[in-house]
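Notes follow the structure.
The values are calculated or read from the model by the stated rules, or taken from the named source; none is laboratory data. Owing to the predicted nature of the structure, the values given are computational and were not obtained by experimental measurement. Using ideal geometry, Cβ is built from the backbone for each residue, glycine included, and neighbour counts are taken over all protein chains shown. Note: areas computed on protein heavy atoms with side chains; ligands, DNA, RNA excluded. Shrake-Rupley method; radii C 1.70, N 1.55, O 1.52, S 1.80 Å.
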Amino acid sequence: MTRPARYRDMVAGGIVTLAVTAGAAWLSAKPEWQSLEPGMALVRISFTHGGDRSGSCRPLTAEELATLPRNMQRKEICDTHYPPVTVELDVDGQTVLARELPPSGFNGTGPSRLYQRIELPAGSHDFVARLRDNPQTAGFDYENRAQADLVPGQSYVIEFKPAQGGFTFR
Amino acid sequence: MLRRLFNRGFDRVERLLDGAFGPAWNPLAHLGSLGWLLFWVVAGTGLYLFIFFDTGVHAAYESVQWLSEDHWYHAGVARSFHRYASDLMVLVMLIHILREWAMDRLRGRRWFSWVTGVPVLWFVYISGITGYWLVWDTLAQYVATVSTELLDALPFFSEPIARNFLSPETLNSRFFTLMVFLHIAIPLMLLLMMWIHIQRITDARTNPPRGLGIMTLLALLAVALVMPAVSQGPADLATVPQRVGVDWFILSLYPVIESVPPGVIWTGALVITFLMIGLPWLPPRREAPAAVVTLDHCNGCARCVADCPYAAITLVARSDGAPFTHEVVVNEDRCVSCGICMGSCPSSTPFRRSEELTTGIDLPSRPLSQLRLEVIEAARSLTGEGRVLTLACQHGSAGAEGPGRVVLPCVAMAPPSLIDYIISRGLADGVAIAGCSERECFNRYGQEWTEQRFARQRDPYLRERVPRERLLLLWHGTSEARRTLREIASFGARLAAMPAYGKVRPITETRAPDRAGAPEAGT
């Protein structure tokens, strides 16, 4: 028969339990983790943007229009797939990001998306962001510049908002 | 090899803890029930904290600060209980997993509890992660950013979720409402999985021994008062958390997530999950066939139903027209062939006169008739005075084959009448039952049932005529083989000093059972 607990078990067991619980409490916040090195700032460039599909549009023929109900008749039809978006980011004259972003979704019918972290030393930096969303364009459709004095631990965000003229820096 | 090493390592550590807690309260023998206790502590304190918690970008942090500082004596203590009990739950769960693996209690028909434990592991982690998010301090900001960046690596989201945490303007208070919902829904799913996890065991222990439970709660209270859980400064999305105090139980993977590409993390998580699910079949255990019922010898007394530790035997209406109301049925998918049912059957007596020694419920791979022959065979190697025949558990200190020893899947497989048979037939001067460790039986109830049967408290009883001083019960772990041999030798010396047992009726050669289980002398 398992021997019943004794007074000594309560004391010794209590001390062990207390030590384990205190150890768990200490490990719940220590030792600390250095997520971002001292003296560094974090730049994040992120956006969701669909490529320009206007190049794929064509007018509907009279036969096609005839097959559609009146409330669904429209002048032109466009491809449901988005073209890819090309993006580049230069920091202090160096290209740190150059990617062609495919449309999202299993069928490529969603907009392109980007979320990219770039760690930079604190200090003054020049940023140039470029984006091409129309496959017909030879260069880039958008190009914006900014200069920023980053302090350690700062979060600097670059987003793309076409309604505001392209990239925004804050 | 590695498993055996861990098994012995656990046994040594548990012996140390036996010294501190006593075998009855040894926490390593109650990891599952401790996990349940900690879950209820976390759930109860969580509900209490929810009363004071506000969902909102600024309100979340302020409400947590208010309950931690202004109302530290109730809500602050509850918060510390909530956090530290969660941490202990992770610790208990990880040791529980490692220990069950080391003891090989996952393969064969015990796969169900192992496999259903795998989602429990993930639900515990996800519950903890969503909880840290709610505080909305710098740690929460770190957790939110790293978590969403990891999630964004999956091709499911049309817009990166991490964009919610780009700047103070991008975060919406509704996000906290969603997180609160998740922090309640996921623990509910966890509870469901924990319930499923224990379905294939009888009388699953979901409460630790009262003393151990009280100790745990008192330790939590002491630590909550001396080292209260605190926040790490309000989150500020205009900055990036540079140095954070990580909870190394719940968030220990976060530094790894930061350092390794997300694809590697997701692949690793999938591989580990499938590997864990597949472990019971790597390699599969060749398990003995399930116990079988012989209705001619079964009166539906249900003792095997009560004794089966795996809920593998059920009582059903009689089907053969015999004048009994019930019979028993074995669920082959649950039976681990431990033999406890055979030891519990009143018809399992080696004295029986019959064409073949048949019992109501028997193991096809090792029936009672064979066990009787093994005992007779083992007794032949015993010579001199103080002969001890050992019936050993294969999971205990005497699990290796040896002279004068019969190794069983569980010592409770030996019916008390077998002890009577060994002594009354003069096969040995005494019997040593060498089970597994005192703190915990490999087959859950083998130790308890054996002790109760021999103490004449549980059917089938050890008959009064069996001299109790000729029976030795040893409950030693795998690392105590020498101690077991020492105690058996000492028991043999005591037997040698006793007057010879006077009621011996030896098996005559003409009556000795042969391999076919031929008739044996009656009592």
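Data for the structure
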| quantity | calculated |
| --- | --- |
| Complete set of residues in segment A:134-161 that are within 14 Å of chain B (Cβ to nearest Cβ), part of a loop (DSSP other than H, G, I, E, B) and open to solvent by 60 Å² or more (accessible area, probe 1.4 Å) | A:Val151, A:Pro152 |
| Some residue of segment B:104-112 being surrounded by 22 or more Cβ atoms within 10 Å (Cβ to Cβ) and among the basic types (Lys, Arg) | no |
| Candidate set: segment B:229-242, residues that are out of contact with any Leu (no Cβ under 8 Å at 6 or more places or on another chain) and at the interface with another protein chain (Cβ under 9 Å from one of its Cβ atoms); chosen: the one surrounded by the most Cβ atoms within 10 Å (Cβ to Cβ) | B:Ala229 |
| Residue, farthest from the other protein chains (Cβ to nearest Cβ), within segment B:442-459, restricted to residues that are surrounded by 20 or more Cβ atoms within 10 Å (Cβ to Cβ) and of a type outside the set (Phe, Trp, Tyr) | B:Asn443 |
| Number of the condition not met by B:Arg174 [criteria: (1) closer than 19 Å to B:Ala43 by Cα; (2) over 38 Å from the mean Cα position of the chain (by Cα); (3) not polar (S, T, N, Q)] | (1) |
| Looking only at segment B:366-412, and only at residues there that are among the acidic types (Asp, Glu) and not in a loop (DSSP other than H, G, I, E, B), the one that is most open to solvent (accessible area, probe 1.4 Å) | B:Glu377 |
| Criterion (at pLDDT 95 or above and more than 11 Å from chain A (Cβ to nearest Cβ)) met by exactly one of B:Ile250, B:Ile196, B:Ile201 | B:Ile196 |
| Meets criteria (assigned to a loop (DSSP other than H, G, I, E, B), touching a residue at least 40 places away in the same chain (Cβ under 8 Å) and open to solvent by 40 Å² or more (accessible area, probe 1.4 Å)) for B:Arg439 | no |
| Extreme residue, nearest to B:Ala85 (Cα to Cα), among residues of segment A:28-37 that are open to solvent by 60 Å² or more (accessible area, probe 1.4 Å) and facing chain B (nearest Cβ under 7 Å) | A:Lys30 |
| Residue check, A:Ala19 hydrophobic (A, V, I, L, M, F, W, C) and out of contact with any helix residue (DSSP H, G or I) (no Cβ under 9 Å at 6 or more places or on another chain) | no |
| Sole exception among (1) modelled with pLDDT of 95 or more; (2) touching a Lys or Arg at 6+ places or on another chain (Cβ under 9 Å) for B:Cys304, by number | (2) |
| Search result, residues across segment B:413-429 that are open to solvent by 10 Å² or more (accessible area, probe 1.4 Å) and not in a helix (DSSP H, G or I) | B:Arg425, B:Gly426, B:Leu427, B:Asp429 |
| Matching option when the condition is modelled with pLDDT of 95 or more, crowded, with 16+ Cβ neighbours inside 10 Å, farther than 30 Å from B:Asn443 by Cα and within 14 Å of another protein chain (Cβ to nearest Cβ), among B:Leu166, B:Leu171, B:Leu220 | B:Leu220 |
| Single residue of segment A:38-59 satisfying the filter (over 16 Å from A:Pro84 (Cα atoms) and in a strand (DSSP E or B)) that is farthest from the other protein chains (Cβ to nearest Cβ) | A:Pro59 |
| B:Cys345 being in contact with a Cys (Cβ under 8 Å, 6 or more places away or on another chain) and open to solvent by 10 Å² or more (accessible area, probe 1.4 Å) | yes |
| Residue among A:Leu120, A:Leu97, A:Leu131 that alone is more than 17 Å from B:Glu159 (Cα to Cα), in contact (Cβ under 8 Å) with a residue 24 or more places away in the chain, surrounded by 16 or more Cβ atoms within 10 Å (Cβ to Cβ) and within 14 Å of another protein chain (Cβ to nearest Cβ) | A:Leu120 |
| Criterion (open to solvent by less than 90 Å² (accessible area, probe 1.4 Å), within 35 Å of the chain's Cα centre (by Cα) and not basic (Lys, Arg)) met by exactly one of A:Gly51, A:Gly23 | A:Gly51 |
| Residue check for B:Ala432: more than 24 Å from B:Asp104 (Cα to Cα), over 25 Å from the mean Cα position of the chain (by Cα) and in a helix (DSSP H, G or I) | no |
| Filter pass, A:Tyr82 being among the hydroxyl-bearing types (Ser, Thr, Tyr), surrounded by fewer than 19 Cβ atoms within 10 Å (Cβ to Cβ) and more than 10 Å from chain B (Cβ to nearest Cβ) | no |
